[in-house]
1. Take Arg293 and decide whether it is surrounded by 14 or more Cβ atoms within 10 Å (Cβ to Cβ), more than 30 Å from Glu32 (Cα to Cα) and either at pLDDT 90 or above or touching a Cys at 6+ places or on another chain (Cβ under 8 Å) (or both).
2. How many residues does the range 108-151 contain that are out of contact with any Asp or Glu (no Cβ under 9 Å at 6 or more places or on another chain), outside any helix (DSSP H, G or I) and open to solvent by less than 50 Å² (accessible area, probe 1.4 Å)?
3. Is there a residue being over 27 Å from Gly89 (Cβ atoms) and among the charged types (D, E, K, R) anywhere in the range 159-180?
4. Please go through the range 213-231 and pick out each residue that is within 13 Å of ligand 1 (Cβ to nearest atom) and buried (at least 24 other Cβ atoms within 10 Å of the Cβ).
5. Of the conditions (1) at pLDDT below 95; (2) within 16 Å of ligand 1 (Cβ to nearest atom); (3) assigned to a loop (DSSP other than H, G, I, E, B), Pro286 clears all except one; give me its number.
6. Would you kindly identify the strands (runs of 3 or more DSSP E) lying entirely within the range 1-95 that contain at least 2 residues that are open to solvent by 40 Å² or more (accessible area, probe 1.4 Å) and in contact (Cβ under 8 Å) with a residue 60 or more places away in the chain?
7. Is it true that Pro303 is more than 16 Å from ligand 1 (Cβ to nearest atom), in a loop (DSSP other than H, G, I, E, B) and surrounded by fewer than 15 Cβ atoms within 10 Å (Cβ to Cβ)?
8. Which members of the range 220-248 meet the condition of being touching a residue at least 60 places away in the same chain (Cβ under 8 Å) and hydroxyl-bearing (Ser, Thr, Tyr)?
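The values are calculated or read from the model by the stated rules, or taken from the named source; none is laboratory data. Every value quoted in this text rests on a predicted model; they were computed, and no experiment measured them. Cβ atoms come from the backbone with ideal geometry, glycine included; neighbour counts cover every protein chain shown. The accessibility values were calculated without ligands, DNA or RNA, using every heavy atom of the protein model including side chains. Shrake-Rupley method; radii C 1.70, N 1.55, O 1.52, S 1.80 Å.
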Amino acid sequence: MNAALDVQGLTTRFDTRAGTVTAVNDVSFSVEPGRIMGLVGESGSGKSVTGFSILGLIEEPGRITDGRVLVEGTDLRAMPPGQLRSMRGRKVSMVFQDPMMTLNPVLRIGDQMSMAVRVHERMNKRQALARSRDALAKVGIPSPEERLSAYPHQLSGGMRQRVAIAIALLHRPAVIIADEPTTALDVSIQGQILAEVRRLADETRTAIVWVTHDLAVVSSLADDICVMYAGRIVERGTAEDVIARPRHPYTRGLLDSVPGQHAPGTHLPQIPGSTPQLSRLPSGCPFRNRCPRATEVCTTEPPVARFGGHTALCHHPLEAA
Ligand SMILES: Nc1ncnc2c1ncn2[C@@H]1O[C@H](COP(=O)(O)OP(=O)(O)OP(=O)(O)O)[C@@H](O)[C@H]1O
Ligand code: SF4
Ligand SMILES: [Mg+2]
C-alpha cells in the first residue's frame with residue numbers, strides 16, 4: 001500500500017540579497033494513513049517552507065529545486081498546474097496558524113463551507129450544508145447547525161480554528177498539513193483540539209503533518225516525529241523513541257527546555273545560541289556552535305544520516321538507552 005504522503009529529497013531554495021539559501025534541504029519522510037507526524041523545530045528551521053513546498057505553493061524568490069512529493073503514490077511535482085490545484089483542498093489541505101487565512105470574514109460559516117464543498121464536488125446547496133454541518137460536528141463544535149449561520153467574528157479563536165480544520169476535512173483528504181494551528185490558543189483549548197485531531201486521524205484515516213515549535217505539544221499526540229534544524233531533518237523516529245530516547249543533541253536540548261520536566265521554580269535549561277542564519281551556516285554540522293558533543297570532525301564533515309528506524313543526523317548521536 002502507498003503511504004498517504006511520501007516526501008523524498010525535497011529541497012527548496014530562496015534567492016536573497018545574501019545569496020541563495022537552502023530553506024528545505026533534502027527532506028524525506030513518509031506518513032501512513034491515519035498517522036500523525038509531528039514536524040518540530042525552532043523558528044526559521046524550515047517547517048512552514050516544507051509545508052508550502054509539499055502543496056506546491058512556493059513563490060518567487062523561492063523555488064523547489066529537487067525532490068518528489070507523492071500523495072497516495074501520485075507525484076504532485078510532476079503534475080500540470082491545473083491538476084495540482086484540483087488536488088489541493090481535495091486530496092491535500094492545509095490549516096494555518098491564523099484561521100482567518102482560511103475564513104472569509106464577511107461570509108456566514110455555512111455559506112463559505114458549502115462553497116468550498118462545491119468547488120470540487122457536484123452537489124446542491126442543501127447537501128453541501130449537510131456535509132458542512134457534519135464536518136463541524138466531527139471537530140467537536142457544539143450545535144453545529146446553529147454555527148452554520150454564524151459569521152467568523154461571532155466565534156471564539158478556538159472555534160474559528162476548529163472551523164478551519166473542519167474545512168480542511170470537507171473532502172476527506174488523504175493528507176492534512178497543519179502549520180502551528182493551535183499556537184495562538186489557550187493551553188486547555190489546544191489540548192481539546194489535539195484530542196479531536198487524534199480521534200479524526202483514527203476515524204477518517206487522514207494522514208496529518210502537525211507543524212509546531214513545541215515538542216511538548218506533539219509528544220502526546222503524534223505517532224512519529226521529525227525534528228528540523230536549519231532546513232534539514234536531524235532526527236526522526238516514532239514519537240515514543242524520540243521523546244524517551246532522543247539521539248540528536250539538538251533534540252535532547254529541546255526536550256531539556258520543555259517546561260514541566262523540571263521542579264517548579266528551577267531555571268529551565270535553554271539551548272545556548274540561536275538558529276544560525278541560513279546564509280551563514282558554519283562548515284560541517286550546522287549545529288556545532290551550539291552543541292555540547294561537538295568534536296573536530298563536526299567542524300570539517302557534514303554528518304550523513306544512516307538510515308534506519310530511529311535516525312539522527314549526527315557524528316556522535318546519543319546512545320539509544
Ligand atoms: N520569502 C522568503 N524569502 C527568503 N527566504 C525565505 C523566505 N521564506 C522563508 N525563507 C527562509 O526559510 C527559512 C525557514 O522559514 P520557515 O518559515 O519555513 O520557518 P519555520 O520553521 O516555519 O519558522 P516559524 O516557527 O517561525 O514559523 C527562513 O529562516 C528564511 O531563511
Ligand atoms: S554532528 Fe557533531 S556538532 Fe553536529 S550535532 Fe552531532 S555531535 Fe553535535
Ligand atoms: Mg512557520
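1. yes
2. 3
3. Of all residues in the range 159-180, those over 27 Å from Gly89 (Cβ atoms) come to none.
Taking every residue of the range 159-180 in turn, none turns out to be over 27 Å from Gly89 (Cβ atoms) and among the charged types (D, E, K, R).
4. Hits for the range 213-231 are Cys226, Val227, Met228, Tyr229, Ala230, Gly231.
5. (1)
6. Numbers: elements: 5-16, 19-31, 36-40, 62-71, 92-95.
Answer list for the range 1-95: 5-16.
7. Values: more than 16 Å from ligand 1 (Cβ to nearest atom): yes; in a loop (DSSP other than H, G, I, E, B): yes; surrounded by fewer than 15 Cβ atoms within 10 Å (Cβ to Cβ): no.
No.
8. Tyr229, Thr238
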